[in-house]
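Working notes for the structure below.
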Amino acid sequence: MSKNVLFISGSPRAGANTKAVINVVYRLLRDKQGNSQLLDLHRHVLPLFNGDPAQQELDTVAQLQKLAQEADAFFIVTPEYHNGISGALKNALDFLNSDYFKGKPVAIAAAAGGGKGGINALNNLRLVLRGLQANVLPAQFVADPGHIDEHGIYVDESGVQTLQTLVLDLASALQTEARV
Ligand SMILES: Cc1cc2nc3c(=O)[nH]c(=O)nc-3n(C[C@H](O)[C@H](O)[C@H](O)COP(=O)(O)O)c2cc1C
């Protein structure tokens, strides 16, 4: 049976480096899992979560929740903003709860400013996903800005190989789940 993987690009910026990374893994996994969906938080603009039940009726919120509910697994890429995940990604996750994530495998990666950037955002994302009871894979990846060209394409071959390993980990976690 084909599985659904939801790819989330967690940057609110146009031309985001995060999107360059999600494009790589989306293409890699789409070939293995036909039902992959891509949610780009630059295009999919959500209101600021305020707990008002009326927000649940909004199309953007309902679409997010539908995609998350239908997903068997997630691949989430976040930018590192001030040592954490983007506000856009945290806000999107605030519209969800553990019913959407419990036990589902999640692969994570970050786009950062270079040097030692990215690790804090990934640790922050793990903590948030722990709150959602997701099954976050141990491996992770950080993309440096120098590895994204002027057309927004991620071009570093060794990075692509590491991302491929992450994709294989996610596909394998999905298969293991299917056997349980
Ligand atoms: C508000 C803001 C805060 C940032 N803080 C960090 C940081 O703490 N560490 C880091 O490595 N890069 C930081 N950066 C750089 C971004 O992580 C880097 O530009 C990344 O590629 C942005 O991803 P995006 O293009 O997908 O938005 C920051 C950028 C912005 C806009």
Handout entry: Selection from Leu166, Val77, Ala88, by position along the positive dipole direction of the range 5-179 (Cβ)
Key = Leu166
Practice task
Express the carbon and sulfur contribution to the solvent-accessible surface of the chain as a percent, rounded to the nearest whole number, probe 1.4 angstrom.
Solution key: 49 percent
Completion exercise
Helix-only [θ] at 222 nm, the chain, -39500 (n - 2.57) per DSSP H run of 4+, per residue, nearest 500, equals -13000 deg cm²/dmol
Fill in the blank from the handout: Once all protein chains are kept in place, Tyr26 shows an accessible area at probe 1.4 Å, nearest 10 Å², of 50 Å²
Practice task
Grab the beta carbon distance between Asp59 and Arg27, set R0 = 25 Å, and tell me the FRET efficiency rounded to 0.05.
Solution key: 0.35
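Once you have the alpha carbon radius of gyration of the range 18-86, what is it after dividing by 2.2 N^0.38 Å, with N set to its residue count?
1.26
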Fill in the blank from the handout: Given 79-87, 157-165, the highest-first ranking by average Cβ count within 10 Å works out to 79-87, 157-165
Fill in the blank from the handout: Looking only at lysines whose Cα falls under 30 Å of Lys3's and that sit 8 or more positions away or on another chain, we get Lys19, Lys32, Lys66, Lys90, Lys102, Lys104
Problem - Per principal axis, descending, Cα span of the chain in whole Å - result: 44, 39, 27
Problem - trypsin sites (Lys or Arg not before Pro) restricted to DSSP loop in the range 18-91 with at most 12 other C-beta within 10 Å - result: Arg43
Problem - Within the range 59-180: Cβ-based charge dipole about Cα centre, in debye rounded to nearest 20 (Lys, Arg +1; Asp, Glu -1) - result: 540 debye
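The values are calculated or read from the model by the stated rules, or taken from the named source; none is laboratory data. Here the structure is a predicted model, which is why all the values come from computation and not from measurement. No Cβ is skipped: glycine too gets one built from the backbone with ideal geometry, and neighbour counts run over all protein chains shown. Please note that ligands, DNA and RNA were not included when accessible areas were found on the heavy atoms of the full protein model with its side chains. Shrake-Rupley method; radii C 1.70, N 1.55, O 1.52, S 1.80 Å.
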